[in-house]
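Okay, so here's the structure we're looking at.
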Amino acid sequence: MKADYHLTPDTRIVVGVSGGVDSMVLLHLLCQLPENMRPTIHVAHINHQLRKESLEEQEFVAQYSKECGLPIYIGVWDSGLTIKKNVEQEAREFRYHFFEDVMQETNSQMLLTAHHKDDHIETVLMRLIQGNQLKTLSGIATSRALGNKYQVMRPLLSFSKKELYVYAANENIPYYEDGSNFSDDYLRNRIRHYVRPMLENENPNIGESIVRLAKEVNQQAVVIESLLKPLIDTLITYQNNTWHLDYLSLKRHNLAIQSEVIRYLLTDVQEKTKLSVGYEHVNQIVGMIQNDKPNLTGQLPNNWLIEKTYDSITVSKKSHNTVKHQKIYLEKNQGAFLSDTQWLGMFEVGKETLPEELKSWQYKEMIYTCGKNHSIRVRKREAGDRFVYNRKGQTKKVSRYFIDEKIPIKLRDLSWLVFDEKGCLLWLLPFRESYLSIEYETDKIQYKLVYLYQEDE
């Protein structure tokens, strides 16, 4: 361990210790290093408050650390008492934020965690089942950055859990068995209990095969990135929390290279913003590049936007003026923010997917029919705009409609006009539909326009 991690008495480290066999073995190994080679160790323990044994485990780790003469830092996750969704992800985020705080307080350079080979194998299987991108099948890295200042190191990654149990028994190392490891509520546990045993029935060495696959995926990812990096550096710029992609130059390359460059872009976005991005967003940007329309807008989670203009595609946080003066084009099953408080989506009926963070907003919808390959255009009103206001096909100026209906100026300025690809006005948003949109044709596809908005307090 000393040779691999360059540990000296001047090295200050934080060790994540849960009280389970893996982290207790790691702590024991560190304590067994000769004193003149042993780093300065700080123990960090998280009480997630998810199980009745949590406090008992906290006291156990605290007492063991005291017996070893090691300082301990304890983080208590208050949300553990009430959280119902995304437990694993939320707990992980709290854990690493706490670790980073401890490292800053103790002036430590690295964090050591006790991930082992079985964790690595289960992670690869989880990501395969969840349909993650190829690069993620590299599993758990032996080291990675934590923030801008620290490193996470995983010295037990080449050892199986069985080997850790044997070592703990031989060295009389005490530990707690986490009862949640036996629950089938978590995907990782179901993989451990059912999926991996079934795979081992087919191939007893499946674990080593997965480890080898993960290594090859990682090596190929490194090769691909190194070969594409000169191109990427000419195509992608990042400044003020905004990414710019020179898609006109990228378009000269084949689809495989386009997709790989976009994956690199979105991986960088994900690492810097913690957004959840995947295949659908890669395909969305590829689709924008292939589309001849010069202005398109797409959506990422948490109010981030993908915007195509004449010469670039940008990824940025939605702001008040981001799309206010643009013409917005939507393909089927896409949505976009019109302003800070307005969002519009176009979907085939039955395929509506609304942003989770907007579920509490006010809702309006409009259903109409059109051909298979359909898109809409959204813009602010202009002088002379007209819409069909009755079944006879008579039209009225939008400005006249506002006057007749006594709609306040403030609300007029919030309105949008939604056109089909032929330029026919479908919806004077949010006030009324054009009669063109009300016609129903059985031989065409039904579409639903969904308008979400926030009202002034």
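Points to keep in mind about this one:
Yes/no matrix, rows are residues, columns are (1) under 23 Å from residue 171 (Cβ atoms); (2) in contact with a His (Cβ under 8 Å, 6 or more places away or on another chain); (3) modelled with pLDDT of 95 or more:
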site: 28; (1), (2), (3): yes, no, yes
site: 33; (1), (2), (3): yes, no, no
site: 36; (1), (2), (3): yes, no, no
site: 47; (1), (2), (3): no, no, no
site: 52; (1), (2), (3): no, no, no
site: 59; (1), (2), (3): yes, no, yes
site: 64; (1), (2), (3): yes, no, yes
site: 82; (1), (2), (3): no, no, no
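- Lone qualifier among 213, 227, 231 - being at pLDDT 95 or above, more than 20 Å from residue 287 (Cα to Cα) and loosely packed, with under 13 Cβ neighbours inside 10 Å: 227
- Matching residues in the stretch 386-402 - criterion: being assigned to a strand (DSSP E or B) and either loosely packed, with under 12 Cβ neighbours inside 10 Å or without any contact (Cβ under 8 Å) to a residue 12 or more places away in the chain (or both): 395, 396
- Per this entry, residue 281 is not counted among residues that are modelled with pLDDT under 80 and of a type outside the set (S, T, N, Q).
- Pick from the stretch 432-449, criterion modelled with pLDDT of 80 or more and buried (at least 18 other Cβ atoms within 10 Å of the Cβ), ranking: nearest to residue 350 (Cα to Cα): 447
- Answer from 7, 26 - the residue that is assigned to a loop (DSSP other than H, G, I, E, B), assigned by TED's automatic domain parsing to the domain that holds residue 166 and aliphatic (A, V, I, L, M): 7
- Residue list for the stretch 52-78, restricted to those being loosely packed, with under 14 Cβ neighbours inside 10 Å and farther than 30 Å from residue 32 by Cα: 52, 78
- For residue 276: the one exception among (1) part of a helix (DSSP H, G or I); (2) under 24 Å from residue 305 (Cα atoms); (3) modelled with pLDDT under 95: (1)
- Residue check for residue 43: assigned by TED's automatic domain parsing to the domain that holds residue 173, assigned to a strand (DSSP E or B), surrounded by 13 or more Cβ atoms within 10 Å (Cβ to Cβ) and touching a Cys at 6+ places or on another chain (Cβ under 9 Å): yes
The values are calculated or read from the model by the stated rules, or taken from the named source; none is laboratory data. Since the structure is predicted, the reported quantities are computational estimates derived from the model, not experimental observations. Every residue, glycine as well, gets a Cβ built from its backbone with ideal geometry; the counts of neighbours run over all protein chains shown.
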